[in-house]
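One structure below.
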Amino acid sequence: MDDLSVTLQFSGGAELLFDNKKLHVVQLKSKEWTIADLLIWIKENLLKERPELFLQDKSVRPGILVLVNDVDWELLNTVNYKIQPNDRIVFISTLHGG
Amino acid sequence: MSECSRKCGSTAVLKRPKTGDKLCKECFFEAFENEIHFTITRAKLFRPGSTVAVAASGGKDSTVLAYVLKELNRKYKYNLKFILLSIDEGITGYRDDSLETVKQNRDDYEMPLKIMSYKDLYGWTMDEIVTEIGRKNNCTFCGVFRRQALDRGAHLLKVDYLATGHNADDIAETVLMNILRGDLARLSRCTSIITDSADGIPRVKPLKYAYEKEIVMYAYFKKLVYFSTECIFSPNAYRGHARVLLKDLEKINPSIIMNIIHSGESIKVNETSKMPTLQNCTRCGYVSSQDICKACILLEGLNTGEPKLGIGKSSKVKKSLENRAKTCCGGTSQCNSLSST
């Protein structure tokens, strides 16, 4: 089975926790991945600082919006969504002011 | 994949926090814009033919506000003119970048832009103030000065209204904070959709009932460009405990935000509570609950090498002002101290 390729995007200020890099194309080793699994992977592999500003109670911190292929993850069972090959998952922080 | 709750046949892209509706992109745009239109018309926010200054920081709220106002003005023929009004606090690496976004807004939305700087208005940039006072309390200066700078800008531009991008989450947060602080005067007026400023130019909040989530989703789906970097002087301090509490509550039940606003609107403040009366600052004429407004006291402190002068409770500040009066010339010469005015 091939690796699972997904595109991750961080914006709205969330990118500040990822070396200011907004776009990450990552390869996940083949198995069934939920977003909950992905969040742990992100914490271990991508998150550069202050994980508490991104994660809370096995989910993202309240105030961070998540979209999968431009669909609100609240319509997709949030952390339980099963990631598909080439999904584009966007994390947007709403917590940053102007 | 869920279908749009409006039965338009399209696929839903988001769940509305306010109603739980699942909407497609087009139905969401329409619902979001129509609610703001409803807010504007129900409160009779703008007189036709008026000029409106839009307080623009380059952030998500003011960017969406400028965009939606332009759309609604066109669609519903409000007959309004808009000017973007930005404040340059003088924070290198933060505001200089966000002002570039505002300039983009100016070009995209074809609205003239006026930038007012702390340096011009007060003689101090925030960079200089932070050098003087350090990183504690600097937000006090910035907040007090910005509020007044916007009013001064609105006055200078001779506009009829000043519109700010405060959203439902902001208002609910302010209600909570005023309850936590026991600040009844602010509690009773913080939910008003229209408030009067010093020069009688009303401040209005067209996004008062718009959820932050929807504002960000709207900007995302419309591909609006906005700026979202933390202020370099207050990393992580941007919201504080009230915001965290509110976001945690919203996760349990999103209508809590609207309920808090509703509570704030309905609270009747006990008449026997001590309420400050608003008057005009004897120095600059700005609306103040004290003889001398907070901005003038803060400036006085900066200019006389005592930058902490205006920090803290107003009763303490009053005391230190009285002490200054005793030690200085007492108003007989040009010592430039508050007591001489």
Which of (1) of a type in the set (Lys, Arg); (2) at pLDDT 95 or above; (3) over 16 Å from residue B:219 (Cβ atoms) is the odd one out, the single condition residue B:70 does not satisfy? (3)
Members of the stretch B:87-106 that are modelled with pLDDT under 95 and within 23 Å of residue B:49 (Cα to Cα): B:105
Collect the residues in the stretch A:71-87 that are within 23 Å of residue A:29 (Cα to Cα) and part of a helix (DSSP H, G or I), keeping them in residue-number order. A:73, A:78, A:79, A:80
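Give the residue, chosen from B:179, B:194, B:171, B:201, that is in contact with a His (Cβ under 8 Å, 6 or more places away or on another chain) and either crowded, with 17+ Cβ neighbours inside 10 Å or modelled with pLDDT under 95 (or both).
That would be B:201, the only listed residue that is in contact with a His (Cβ under 8 Å, 6 or more places away or on another chain) and either crowded, with 17+ Cβ neighbours inside 10 Å or modelled with pLDDT under 95 (or both).
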Filtering the stretch B:41-60 for residues that are open to solvent by 10 Å² or more (accessible area, probe 1.4 Å) and more than 14 Å from every other protein chain (Cβ to nearest Cβ) leaves a count of 9
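Just checking, which of B:91, B:83 is hydrophobic (A, V, I, L, M, F, W, C) and either in contact with a Lys or Arg (Cβ under 9 Å, 6 or more places away or on another chain) or not assigned by TED's automatic domain parsing to the domain that holds residue B:251 (or both)? Break it down stepwise before answering.
On the way: B:91 fails: either in contact with a Lys or Arg (Cβ under 9 Å, 6 or more places away or on another chain) or not assigned by TED's automatic domain parsing to the domain that holds residue B:251 (or both).
Testing whether each residue is hydrophobic (A, V, I, L, M, F, W, C) and either in contact with a Lys or Arg (Cβ under 9 Å, 6 or more places away or on another chain) or not assigned by TED's automatic domain parsing to the domain that holds residue B:251 (or both) leaves just B:83.
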Consider residue A:32 against the criteria (1) in contact with a helix residue (DSSP H, G or I) (Cβ under 9 Å, 6 or more places away or on another chain); (2) away from every other protein chain (no Cβ under 13 Å); (3) more than 24 Å from residue B:14 (Cβ to Cβ); (4) outside any helix (DSSP H, G or I): it satisfies all of them except one. Which criterion is unmet? (1)
Within the stretch B:290-324, track down each residue that is in a helix (DSSP H, G or I), under 19 Å from residue B:142 (Cβ atoms) and at pLDDT below 80. B:314, B:317
Turns out the helices (runs of 4 or more DSSP H) fully within the stretch B:10-115 with at least 3 residues that are in contact (Cβ under 8 Å) with a residue 40 or more places away in the chain and touching a helix residue (DSSP H, G or I) at 6+ places or on another chain (Cβ under 7 Å) are B:25-42, B:60-76
How many residues of the stretch B:4-20 are more than 9 Å from chain A (Cβ to nearest Cβ), out of contact with any Cys (no Cβ under 7 Å at 6 or more places or on another chain) and either open to solvent by less than 50 Å² (accessible area, probe 1.4 Å) or under 20 Å from residue A:84 (Cβ atoms) (or both)? The answer is 2
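Which one of these is touching a strand residue (DSSP E or B) at 6+ places or on another chain (Cβ under 9 Å), at pLDDT 95 or above, buried (at least 19 other Cβ atoms within 10 Å of the Cβ) and closer than 29 Å to residue B:166 by Cβ: A:90, A:6?
Working: A:6 fails: closer than 29 Å to residue B:166 by Cβ.
Within the list A:90, A:6, the selection yields A:90.
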Inside the stretch A:23-35, the number of residues satisfying the requirement of being under 12 Å from the mean Cα position of the chain (by Cα) and loosely packed, with under 14 Cβ neighbours inside 10 Å is 2
Return the residue satisfying two criteria in turn: it lies in the stretch B:97-115 and is open to solvent by 20 Å² or more (accessible area, probe 1.4 Å) and touching a strand residue (DSSP E or B) at 6+ places or on another chain (Cβ under 8 Å), and of such residues it is farthest from residue B:228 (Cα to Cα). B:112
Quick check on my filter: what residues within the stretch A:88-98 are at the interface with chain B (Cβ under 10 Å from one of its Cβ atoms) and closer than 28 Å to residue A:30 by Cβ? A:90
Exactly one condition in (1) surrounded by fewer than 16 Cβ atoms within 10 Å (Cβ to Cβ); (2) within 14 Å of chain B (Cβ to nearest Cβ); (3) in a helix (DSSP H, G or I) is false for residue A:15; which is it? (1)
Selection count where residues are touching a Gly at 6+ places or on another chain (Cβ under 8 Å) and either of a type outside the set (Asp, Glu) or not assigned by TED's automatic domain parsing to the domain that holds residue B:204 (or both), scope the stretch B:125-140: 3
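Please pick out the residue among A:50, A:61 that is within 14 Å of chain B (Cβ to nearest Cβ), without any contact (Cβ under 8 Å) to a residue 40 or more places away in the chain, closer than 26 Å to residue B:226 by Cβ and buried (at least 18 other Cβ atoms within 10 Å of the Cβ).
Numbers: A:50 fails: buried (at least 18 other Cβ atoms within 10 Å of the Cβ).
None of the others qualify; the one that does is A:61.
The values are calculated or read from the model by the stated rules, or taken from the named source; none is laboratory data. Everything numeric in this text was worked out from a predicted model, so none of it was measured. Don't worry about glycine lacking a Cβ; one is built from the backbone with ideal geometry, like all the others, and counts go over all protein chains shown. Ligands, DNA and RNA are stripped out before the accessible areas are found, and what is left, the full protein with its side chains, is counted by its heavy atoms. Shrake-Rupley method; radii C 1.70, N 1.55, O 1.52, S 1.80 Å.
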